[in-house]
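J.: The structure that follows is given in the form of structure tokens.
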Amino acid sequence: MSYQVIARKWRPQTFEEVTGQEHITRTLRNAIEHGRLHHAYLFSGARGVGKTTTARLLAKSLNCHKTDGPNVHPCSVNDPDPCTSCREISESRSLDVLEFDAASNTQVDKIREIILENINIAPARDRYKIFIIDEVHMLSNSSFNALLKTLEEPPPNVVFVMATTELHKVPDTIASRCQEFEFRTIAVQKIFERLKLIAEAERIDVSDGALKEIARSGEGSMRDAQSNFDQVISFSGEKIAVSDVEAALGLAGAETSMKVLTAIAERRPKDALDVVADLVSRGQDLRVFCRDMLGVFRDILVFKVGGEELAESAALGPEAVKEYAGKFSESDLIRFFNSLAETESKLREAMQSRYVLEIGLVKLIELRRLAPIESVIEKLAALESGRPFAGPLSAAASVGQEKKTLNPDAKSAAFTVANEPSEPDFDQQFSPNASPRPEPKFEAIDLNLIGSLPVKLPPIASEELEHVDDAALDSLFEERLARLGEALEPIPNASDLAADLVGDVSINGSINGQAGEPESEKSMDLSRFFPPDITAETESPEIPTLPPDPTHEDLTAYVNAHPTAKRVMKIFRAEIVNVSHNPPKK
């Protein structure tokens, strides 16, 4: 006897054997048992989910000779003594069950010849004359119109069963005259259980992992999965492993998918390009790989949103899905899916599919640089208001801190110095995974260090300085502090630090030594505290007298000759850029 493929050999023979369509088989069985049969049925759904099989089971139940009426448990071809009607229907050679393909008989003449001219002829042997029309959406408009009246009021012993994969192409006038049943795609777990049953019955040594890959390759179609199982059996040896399934069906495999996910998570485009090179070298279909990656992104997103129970059939397994779910946000996964779906559609017409896939994977890596628009707006609002931004975009790079330890024997101690924060680039500022900038902390400085400084700061009396309020400068300064995440906090021992830097300054400018120092060190030369050109100047030029209405030249000469101005300019190494006169109010 010639070999019979698994999809035909293991076609369901009873309603109980139909996998994944329990809502339909239960309805049909109840209708048969209670005598509530309809004269026309319309089955719709994806390929390989059991539409034609269920139509044949319905025909067998209506015409089974084991009972006086319709039988909800029709005969199986594996029974020792099946009835003649059930056996002939299973073998598609029954005279009273006419099954034809609408794609090959679209003309109205064929419909007249097959249906309209035979519909009034009584069944040759069985109870019902049944017309099974497969791919009914392929009929022409004239053929549909010819069927309308007959479909609405057929003879009492005639039943129509129509099947289609494209329900939207069936005219509403036809669909409204039928009972509609929508067949669902079959869950991966149910396909796996069916394949495992077949493998045990056929004594095929196959691992559960390999069966799950075969079940997943069917994409919800039992017939496709069984056909793939046949292909893998022909390819493999005595034992079927996951690697055999991947090689026979051209699947990338979980390991390849994880390499791409790791490359995206760690921003390593070279690793992603190496994966594409490996796929090309093995002759893999790049579109199939794209579809596999789309499923992987979907599994991770479902795990993050719905938990483990919704991702049990994930290609990577629960542990791997959980690991990668922690590396990507929901927004990342949605962007990845949409971008890769666009790449997959481009591969259909691409002359160089490798180039398209390489650019598509690198694009996924670059998509991680994007930040949500809400965070960007919040960042801009914080900068505008001058307040620190505490969100995920406040600072991508933390300001590093360096520990510098001086020799304690040289009258010094360890202290912490913060590195000068550089302006972070755009990618660092607006990275959603960037770590926030730490709050600045001011530590007390060991004052033993001050004594080792070669020169101290020159004293300036407070009356020699003038503060001018400038709102624009103050705003820019505060904005800069907010952008850098810094704060104006006092140093804990600031007063002691100032005393050690400039000493105890009296009004007349004399400097006394620090408390606790020897008498020889209390009398200090002022040259240690003032630049030599200031202390060496003993005479001041005569200050010109300003007229009642001075000109700009008069004001400039006055300021340049004023001793206080000269001292300030030399101390700060400054120069006069503008002079103004504010006469006293009368």
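J.: Is it true that E166 is under 37 Å from the mean Cα position of the chain (by Cα), exposed (fewer than 13 other Cβ atoms within 10 Å of the Cβ) and touching a residue at least 24 places away in the same chain (Cβ under 8 Å)?
T.: Spelling it out, E166 is indeed under 37 Å from the mean Cα position of the chain (by Cα), exposed (fewer than 13 other Cβ atoms within 10 Å of the Cβ) and touching a residue at least 24 places away in the same chain (Cβ under 8 Å).
J.: Quick one: which residue in F160, F144, F131 is within 27 Å of F183 (Cα to Cα) and either modelled with pLDDT under 85 or not in a strand (DSSP E or B) (or both)?
T.: F144
J.: Taking the stretch 357-375 on its own, how many of its residues are surrounded by fewer than 15 Cβ atoms within 10 Å (Cβ to Cβ), among the aliphatic types (A, V, I, L, M) and at pLDDT below 80?
T.: So the answer is 2.
J.: Could I ask something else about it? Suppose the filter is buried (at least 20 other Cβ atoms within 10 Å of the Cβ) and without any contact (Cβ under 8 Å) to a residue 40 or more places away in the chain; does I111 pass it?
T.: Considered against the rule, which asks whether it is buried (at least 20 other Cβ atoms within 10 Å of the Cβ) and without any contact (Cβ under 8 Å) to a residue 40 or more places away in the chain, I111 comes out as yes.
J.: Here is a follow-up. Could you figure out which of (1) exposed (fewer than 15 other Cβ atoms within 10 Å of the Cβ); (2) acidic (D, E); (3) closer than 17 Å to L58 by Cβ isn't true of D96?
T.: Of the numbered conditions (1) exposed (fewer than 15 other Cβ atoms within 10 Å of the Cβ); (2) acidic (D, E); (3) closer than 17 Å to L58 by Cβ, the odd one out for D96 is (1).
J.: Between I198, I191, which is in contact with a Phe, Trp or Tyr (Cβ under 6 Å, 6 or more places away or on another chain), in a helix (DSSP H, G or I) and among the hydrophobic types (A, V, I, L, M, F, W, C)?
T.: On inspection, the qualifying residue turns out to be I198.
J.: Moving to a separate point now. Given the conditions (1) farther than 19 Å from P12 by Cβ; (2) in a loop (DSSP other than H, G, I, E, B); (3) of a type outside the set (D, E, K, R), and given that C75 satisfies all but one, which numbered condition is not satisfied?
T.: Of (1) farther than 19 Å from P12 by Cβ; (2) in a loop (DSSP other than H, G, I, E, B); (3) of a type outside the set (D, E, K, R), only one is false for C75: (1).
J.: So which residues in the stretch 247-273 are under 21 Å from L347 (Cα atoms) and more than 22 Å from the chain's Cα centre (by Cα)?
T.: Result: L249, G250, L251.
J.: Just for the stretch 228-239: of the residues that are more than 33 Å from the chain's Cα centre (by Cα) and not aliphatic (A, V, I, L, M), which one is nearest to A7 (Cα to Cα)?
T.: Ranking the candidates gives D230 first.
J.: Yes or no: the stretch 145-152 includes at least one residue that is farther than 17 Å from I111 by Cβ, of a type in the set (D, E, K, R) and in contact (Cβ under 8 Å) with a residue 12 or more places away in the chain.
T.: The answer is no, given that none of the residues of the stretch 145-152 is farther than 17 Å from I111 by Cβ, of a type in the set (D, E, K, R) and in contact (Cβ under 8 Å) with a residue 12 or more places away in the chain.
J.: Can you list residue pairs whose Cβ atoms sit under 9 Å apart, with the first residue in the stretch 461-478 being under 23 Å from I571 (Cβ atoms) and the second being modelled with pLDDT under 65? Count only pairs 6 or more apart in sequence or on different chains.
T.: From residues that are under 23 Å from I571 (Cβ atoms), the pairs are A461/V505; A461/I507; A461/G509.
J.: Also, I was wondering about something else. If E88 satisfies every condition in (1) crowded, with 17+ Cβ neighbours inside 10 Å; (2) in contact (Cβ under 8 Å) with a residue 12 or more places away in the chain but one, which is the exception?
T.: (2)
J.: Which one is surrounded by the most Cβ atoms within 10 Å (Cβ to Cβ) among residues in the stretch 201-216 that are part of a helix (DSSP H, G or I) and touching a helix residue (DSSP H, G or I) at 6+ places or on another chain (Cβ under 6 Å)?
T.: Restricting to residues being part of a helix (DSSP H, G or I) and touching a helix residue (DSSP H, G or I) at 6+ places or on another chain (Cβ under 6 Å), the top hit is I214.
J.: Of the residues L294, L279, L261, which is farther than 16 Å from R335 by Cβ, out of contact with any strand residue (DSSP E or B) (no Cβ under 8 Å at 6 or more places or on another chain), crowded, with 16+ Cβ neighbours inside 10 Å and assigned by TED's automatic domain parsing to the domain that holds F328?
T.: L279 is the lone residue from the list that is farther than 16 Å from R335 by Cβ, out of contact with any strand residue (DSSP E or B) (no Cβ under 8 Å at 6 or more places or on another chain), crowded, with 16+ Cβ neighbours inside 10 Å and assigned by TED's automatic domain parsing to the domain that holds F328.
J.: Next up: Could you look through the stretch 314-341, keep only residues that are surrounded by fewer than 13 Cβ atoms within 10 Å (Cβ to Cβ) and among the acidic types (D, E), and pick out the one that is nearest to P269 (Cα to Cα)?
T.: Result: E330.
The values are calculated or read from the model by the stated rules, or taken from the named source; none is laboratory data. Just so you know, these numbers come straight off a predicted model, no measurement behind them. Neighbour counts are summed over all protein chains in view; Cβ atoms, including those assigned to glycine, are modelled from backbone coordinates with ideal geometry.
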